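The values are calculated or read from the model by the stated rules, or taken from the named source; none is laboratory data. All values derive from a computational prediction rather than experimental measurement. Glycine also receives a Cβ, built like all others from the backbone with ideal geometry; neighbour counts cover every protein chain displayed.
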Amino acid sequence: MPSPPNSYCKGFLMHASLPDANTLIVQLADVIAPALTPDTLIVGIHTGGVWVAERLHALLQCSQPLGTLDISFYRDDFSRIGLHPQVKPSNLPFDLEDRAILLVDDVLHSGRTVRAAMNELFDYDRPASIRLAVLVDRGGHELPIRPDFAALSITVPDHRNINLSRLDDGHLTLTLA
């Protein structure tokens with residue numbers, strides 16, 4: 001008998017159906033809002049984290065500009081996998097010194113992307129604090145990094161990936177590959 005959508009087997013998501021990404025972002029904004037101060041800076045990690053950060057920035061009506069990070073040169077597997085073919089510039093249009101940062105990514109897996117992002121942030125300056133918001137925490141952490149805010153926490157087998165895509169109309173979708 002086939003598994004119904006979103007069925008779980010021993011804690012693992014077995015079917016490719018995931019919740020609507022746009023709905024999850026609204027839920028994430030609702031959870032973040034009480035913890036956000038007017039001086040909090042939102043920084044998204046390219047590429048999916050920037051898409052989520054853009055939506056959060058608008059939903060939370062942040063007065064500070066949005067920052068973006070491309071952590072390509074900070075990855076610890078850079079020498080093994082090489083440079084991503086579409087490196088984007090980081091853009092931090094503010095001073096980070098003693099500021100509260102909300103770091104945003106789409107999917108938290110091993111924690112290595114977040115570690116690289118924190119290394120890059122500290123190369124710019126020394127923030128007062130960094131809190132992590134992710135659309136999906138999929139488990140499988142290899143480093144002691146956990147989100148402060150997650151719209152969805154699920155366990156996914158290591159051989160599967162959760163991908164965030166942006167359609168031509170700007171709609172975001174999550175898929176299990």
**Request:** Examine the stretch 133-146 for a residue that is more than 15 Å from the chain's Cα centre (by Cα) and closer than 17 Å to P65 by Cα, and state whether such a residue exists.
**Result:** no
**Message:** Suppose we keep only residues that are buried (at least 19 other Cβ atoms within 10 Å of the Cβ) and part of a loop (DSSP other than H, G, I, E, B) within the stretch 131-177. Which one would you say is modelled with the lowest pLDDT?
**Reply:** V156
**Item:** All positions within the stretch 102-156 that are without any contact (Cβ under 8 Å) to a residue 40 or more places away in the chain, among the small types (G, A, S) and more than 23 Å from P38 (Cβ to Cβ)
**Value:** S110, G111, G139, G140, S153
**Asked** Taking the stretch 59-73, which residues are assigned to a helix (DSSP H, G or I) and closer than 21 Å to D30 by Cα?
**Response** L59
